[in-house]
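Structure record follows, encoded as structure tokens.
The values are calculated or read from the model by the stated rules, or taken from the named source; none is laboratory data. Since we're looking at a predicted model, the values are computed, not measured. Cβ atoms come from the backbone with ideal geometry, glycine included; neighbour counts cover every protein chain shown.
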Amino acid sequence: MANIEKIILKMKNQPNGISPKEADKVLTAKGYRFARQNGSHRNYINDNGDVITIVANKNPLKKVYIVEILNRIGEKN
């Protein structure tokens with residue numbers, strides 16, 4: 001779990017340098033699961049029905065996606 005915490009810290013300090021693979025690891029660790037992919041967008045859903053959409057083929061992800069992930073997992077900056 002230490003690796004996930006390092007990625008979250010990186011998300012807070014350097015939100016413009018996060019890859020989709022890193023975002024996937026964090027979302028999976030925080031209770032989200034991959035639901036479906038529609039074109040270049042991947043949807044993740046948790047047990048409460050909360051859906052997060054990220055771009056799958058954009059590296060690095062835009063800051064807006066990272067901020068949204070942090071807000072949804074309770075790690076507001």
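Observations on the model:
- Of residues in segment 1-49 being basic (Lys, Arg) and touching a residue at least 12 places away in the same chain (Cβ under 8 Å), the one nearest to PRO60 (Cα to Cα): LYS10
- Residues that are hydroxyl-bearing (Ser, Thr, Tyr) number at least 1 in the following helices (runs of 4 or more DSSP H) confined to the chain: 20-29, 63-72.
- Exactly one residue out of ASN13, ASN38, ASN43, ASN59 is touching a helix residue (DSSP H, G or I) at 6+ places or on another chain (Cβ under 9 Å) and not β-branched (Val, Ile, Thr): that is ASN59.
- Taking (1) over 14 Å from GLY74 (Cα atoms); (2) exposed (fewer than 15 other Cβ atoms within 10 Å of the Cβ); (3) of a type outside the set (Val, Ile, Thr) in turn, PRO20 satisfies each apart from (2).
- Verdict on ASN46 being surrounded by 12 or more Cβ atoms within 10 Å (Cβ to Cβ) and at pLDDT 95 or above: yes
- Members of segment 28-42 found to be surrounded by 15 or more Cβ atoms within 10 Å (Cβ to Cβ) and either in contact with a Lys or Arg (Cβ under 6 Å, 6 or more places away or on another chain) or among the aromatic types (Phe, Trp, Tyr) (or both), listed by number: TYR32
- If the condition is being over 9 Å from the mean Cα position of the chain (by Cα) and within 16 Å of VAL51 (Cβ to Cβ), then segment 19-31 contributes LYS30, GLY31.
- Test for LYS25: is it surrounded by fewer than 16 Cβ atoms within 10 Å (Cβ to Cβ), basic (Lys, Arg), out of contact with any strand residue (DSSP E or B) (no Cβ under 7 Å at 6 or more places or on another chain) and modelled with pLDDT of 95 or more: yes
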